[in-house]
Structure formats: structure tokens, C-alpha cells
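The values are calculated or read from the model by the stated rules, or taken from the named source; none is laboratory data. Please read these numbers as outputs of a predicted model, since none were measured by experiment. Counting neighbours? That spans all protein chains shown, and the Cβs are built from the backbone with ideal geometry, glycine included.
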Amino acid sequence: MLYSMHELSQWMVSPLSAAAGVNRSLFSNPLSPFSYAPGARELAASAELFLRFTRDYLKPAFGLPTTTIDGREVLVTEEIVLERPFCQLRHFRREGAGNDPVVLLVAPLSGHFATLLRDTVRALLPEHDVYVTDWVDAKTVPLSAGDFHLDDYVDYVRDFIRFLGPDVHVISVCQPTVPVLMAVSLLAADGEAIQPRTMTMMGGPIDTRRSPTSVNNLATRKPLEWFENTVIHRVPARYPGCMRRVYPGFLQHMGFVAMNPDRHASAHWQYYNHLVRGDGDSASAHRRFYDEYNAVLDMPAEYYLETIRMVFQEHRLPAGTMRVHGQPVEPAAIRRTALFTIEGELDDISGNGQTEAAHTLCSSLAATQREHFMVPQVGHYGIFSGRRWREGICPRIAEFIRAH
């Protein structure tokens with residue numbers, strides 16, 4: 001019902017959004033006489049803000065048409081090389097590139113689209129052959145495709161690793177560190193010929209008992225029934241996934257904003273002032289960030305609830321009780337895949353030590369097969385995006401990959 005009410009509210013506000021669009025043009029277009037009236041910039045800026053608060057944000061494009069290899073600009077072509085109902089394996093093929101290491105970048109399935117890792121991909125492309133897990137919005141997946149469980153996530157990762165071969169290096173950002181560690185553990189325990197050469201885990205909830213954050217505390221304070229009754233809803237009729245149970249993207253977005261309301265309010269007030277002053281560069285930077293931040297997808301209910309229960313409430317992986325299709329998950333079985341863990345000192349989503357816990361679990365690895373990097377003065381998003389990522393973290397990952 002809540003999902004349908006949200007859709008109804010979006011429909012009801014659409015005439016006001018259309019009117020705001022007209023006003024923005026009237027008071028900002030240099031060909032309009034109204035744009036020269038007193039207070040025109042303030043009116044245009046107000047209309048722009050209203051539009052951004054009420055519009056739908058669709059999945060952004062990666063928008064990486066080129067990269068630079070050895071000082072030479074080369075074309076980059078996106079291609080889907082493997083497709084599953086809930087995920088597409090997307091390859092960034094570089095024209096005329098050499099035999100660089102193959103990297104499987106496992107994006108989070110935790111609200112935002114895989115394009116949140118655009119800067120991650122951009123920095124990796126010059127020296128790596130990059131594949132990304134591009135998760136599908138659950139509201140577009142018909143019920144006939146079946147459910148999607150945490151076990152299915154692990155199966156997808158194993159399939160992608162097998163597809164890419166024994167020379168693949170896996171990088172997981174935030175949420176997927178857990179299913180990636182599970183997948184590699186199972187490959188090792190089964191003695192499969194194809195196992196990753198390295199796995200790099202960045203800011204993930206391997207053991208949320210260490211330095212718990214507000215996100216972790218919410219998951220443990222509320223019983224699982226609260227999450228099921230409060231945030232799980234059915235997809236409305238106008239989508240292909242009609243009647244699928246999901247954690248809707250609009251509710252996730254509300255949760256994201258609620259974590260730092262003052263910061264977002266300040267950012268939008270600054271955006272308004274940029275528009276009034278005519279600071280186009282700053283306004284464009286705001287739009288680029290929030291076009292990505294506001295674009296969210298629906299998560300399958302069964303996967304979300306199992307993650308809450310098994311990862312955040314029962315801590316099954318560090319407790320040694322995690323199973324996939326009934327098979328025990330034993331990270332100690334990993335002997336061939338080197339481990340690199342990365343954490344941000346100021347991470348308020350995955351606390352310090354939560355990712356490093358993977359080293360305790362992967363007890364069979366030699367000292368030469370493991371490395372940990374605590375990045376000073378960096379928060380959660382700074383681990384995989386921004387200047388510190390490009391200049392300090394990505395080169396460390398590239399060095400680790402080539403060392404193994």
C-alpha cells in the first residue's frame with residue numbers, strides 16, 4: 001500500500017513539477033524578458049530546487065567513453081557479456097589494450113546502482129581489464145524469474161569468477177565483501193580449478209561486532225519482524241515486477257538522507273546560492289553528485305532480510321555458522337587467493353576492523369598473501385571515489401594485484 005501511495009503522490013505532484021519547469025525557463029532563459037526582472041534568479045533557483053525534489057531519478061550511465069593507456073587515449077565500449085535475471089556482467093572493453101590483469105569489480109546491491117562506482121572504474125581502466133556486476137532494479141524483474149536470496153548472490157559471484165577464468169582479481173566494495181568471501185571460500189573448499197588470484201575488500205561488514213556504527217546498531221536493535229513489516233512492500237502494477245516483495249528504493253533513499261540531514265540541507269542551500277550567483281561550475285558539480293545519489297533501485301525482499309539476519313544480527317560468517325545451500329562456508333579453506341583489505345579511518349558505515357576481520361577468518365593464508373591498509377582521514381565513499389581513491393588507494397590495489 002505504501003508503495004502505491006508513493007506512486008500516487010508522484011503522479012499528483014507532476015503538474016506542479018511541470019509548472020516549475022516552465023517558471024525555471026521563464027526566469028533563467030536569456031531570451032525571455034522575464035529573466036531580467038528583479039528577483040528572477042531567485043525565482044528560477046527556487047523552481048530548480050522544487051524540480052529536483054520532485055523528479056524521478058533514473059539509472060545514470062557510466063559515461064566512460066575513453067581512457068588513457070601509456071599516455072594514449074583509447075576508446076572504451078561497454079558490453080554485457082553475461083546476463084542473469086537480477087544482474088548483468090558488464091565489460092568495459094578497451095580498444096587495442098594489452099594483456100592487463102582482469103578485474104571483477106563487485107558493486108554493492110544496497111540501494112544505489114553500480115554507476116556509484118563510476119570513479120572506481122575510471123581509475124582502474126588505464127591498467128586493468130574491468131568487469132562490473134551491474135545489478136538490476138528488482139521492480140523490473142517479473143515474478144516468473146523467481147526469488148533472489150543471499151545464496152543466489154553467492155552463486156552469481158561464483159559463476160562470474162568461473163566465466164572470467166583463473167587469472168581474475170576480485171574487488172568488492174562495501175556490502176559484497178561478505179558474499180564474495182563466501183563465494184571464494186566455497187570455490188576453495190570444493191577444490192575448483194578456477195579461483196581468483198586476489199580479492200580486495202573495501203569497507204565491508206565482514207564482522208559488524210567490531211566498532212559498530214549507527215547502521216549496525218539499527219540492524220541489531222530492531223527484530224527481523226520489524227524490518228519485514230516496516231520496509232518491505234509489493235511492487236505496484238505499472239512495473240514488470242508487479243507484486244514482487246521488495247525494499248523500495250525511495251525508502252532506502254529516505255534512510256540515506258536521514259543519516260546526515262544537516263549535510264544534505266546545507267548542500268542544497270549552497271546549490272540555491274550557486275544558482276542565484278550564476279556559479280555554473282559549482283551548480284553542475286552538485287547536480288552530478290545528486291543525480292547519482294538520488295538514483296536508487298529496489299532490492300529483493302528475501303535477499304535484504306537474509307542479509308540483515310545472517311550478517312548483522314547473527315554474525316554467521318565470523319561465528320563460523322554461515323551456510324550456502326546447506327554447505328558450510330569455511331574461509332580457512334582459501335590458500336591460493338591473496339587478500340587485501342582496505343578501510344577508511346572515518347568510515348561511519350563500516351566501522352574500523354570490520355573488513356580487517358577477513359584476515360582472521362582466512363587463517364590459512366601466508367603473511368606474503370595478505371595486506372591491510374587503513375586510509376587516514378577518509379570516510380566510506382572516499383575509499384572508492386575521489387582524489388584520495390585515485391591518487392593513494394587505486395595505485396596500492398594495482399601494486400597488490402601485480403605482486404600476485
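A few points about this structure:
- Index of the failed condition, Gly96 passing every other in (1) part of a strand (DSSP E or B); (2) on the phi > 0 side of the Ramachandran plot; (3) not aromatic (Phe, Trp, Tyr): (1)
- Considering the conditions (1) within 23 Å of Met310 (Cα to Cα); (2) out of contact with any helix residue (DSSP H, G or I) (no Cβ under 7 Å at 6 or more places or on another chain); (3) not β-branched (Val, Ile, Thr), Pro205 is excluded by exactly one of them, (2).
- Some residue of region 354-362 being assigned to a loop (DSSP other than H, G, I, E, B) and farther than 30 Å from Ala193 by Cβ: yes
- Positions within region 325-336 being surrounded by 17 or more Cβ atoms within 10 Å (Cβ to Cβ) and assigned to a helix (DSSP H, G or I), in sequence order: Pro331, Ala333
- Candidates are the residues of region 115-161 that are free of Cβ contacts under 8 Å to residues at least 40 places away in the same chain and touching a helix residue (DSSP H, G or I) at 6+ places or on another chain (Cβ under 6 Å); the one that is farthest from Glu95 (Cα to Cα) is Arg158.
- When each of Thr341, Thr355 is tested for being closer than 13 Å to Val173 by Cα, of a type in the set (Ser, Thr, Tyr), surrounded by 15 or more Cβ atoms within 10 Å (Cβ to Cβ) and in contact with a His (Cβ under 6 Å, 6 or more places away or on another chain), the lone residue that passes is Thr341.
- Spans of helices (runs of 4 or more DSSP H) in region 244-324 with at least 1 residues over 29 Å from Gln10 (Cα atoms): 261-277, 280-293, 301-307, 316-319
- Test: residue in region 384-400 that is free of Cβ contacts under 8 Å to residues at least 60 places away in the same chain, within 28 Å of Asn99 (Cβ to Cβ) and among the basic types (Lys, Arg): yes
- When the residues of region 3-57 are filtered to those that are among the hydrophobic types (A, V, I, L, M, F, W, C), surrounded by fewer than 14 Cβ atoms within 10 Å (Cβ to Cβ) and closer than 30 Å to Tyr247 by Cα, the one that is modelled with the lowest pLDDT is Leu8.
- Any hit, region 89-110, residues being within 25 Å of Asp291 (Cβ to Cβ) and out of contact with any strand residue (DSSP E or B) (no Cβ under 7 Å at 6 or more places or on another chain): yes
- Residues of region 203-222 that turn out to be of a type outside the set (S, T, N, Q) and touching a Ser or Thr at 6+ places or on another chain (Cβ under 7 Å), as a count: 4
- Flag if Gly98 is surrounded by fewer than 19 Cβ atoms within 10 Å (Cβ to Cβ) and modelled with pLDDT under 95: yes
- Any pair with Cβ under 8 angstrom, 6 or more apart, that starts in region 72-96 at a residue that is of a type in the set (Val, Ile, Thr) and ends at one that is part of a loop (DSSP other than H, G, I, E, B): Val74/Glu95; Val74/Gly96; Val74/Ala97; Val76/Leu64; Val76/Pro65; Val76/Glu95; Val76/Leu125; Thr77/Glu95
- Those helices (runs of 4 or more DSSP H) of region 127-242 in which at least 3 residues are surrounded by 21 or more Cβ atoms within 10 Å (Cβ to Cβ) and within 23 Å of the chain's Cα centre (by Cα), considering only elements entirely within it, cover 150-164, 177-189.
- The set of residues in region 377-391 being outside any loop (DSSP other than H, G, I, E, B) and surrounded by fewer than 14 Cβ atoms within 10 Å (Cβ to Cβ) consists of Arg387, Glu391.
- So Val257, is it on the phi < 0 side of the Ramachandran plot, of a type in the set (Val, Ile, Thr), surrounded by 13 or more Cβ atoms within 10 Å (Cβ to Cβ) and at pLDDT below 85: yes
- Restricting attention to region 155-195, the residues that are farther than 22 Å from Arg316 by Cβ and of a type outside the set (Val, Ile, Thr) add up to 13.
- Count of region 106-120 residues, restricted to those that are surrounded by fewer than 24 Cβ atoms within 10 Å (Cβ to Cβ), assigned to a helix (DSSP H, G or I) and hydroxyl-bearing (Ser, Thr, Tyr), is 1.
- In the condition set (1) buried (at least 21 other Cβ atoms within 10 Å of the Cβ); (2) in contact with an Asp or Glu (Cβ under 7 Å, 6 or more places away or on another chain), Met374 is compliant with all but (1).
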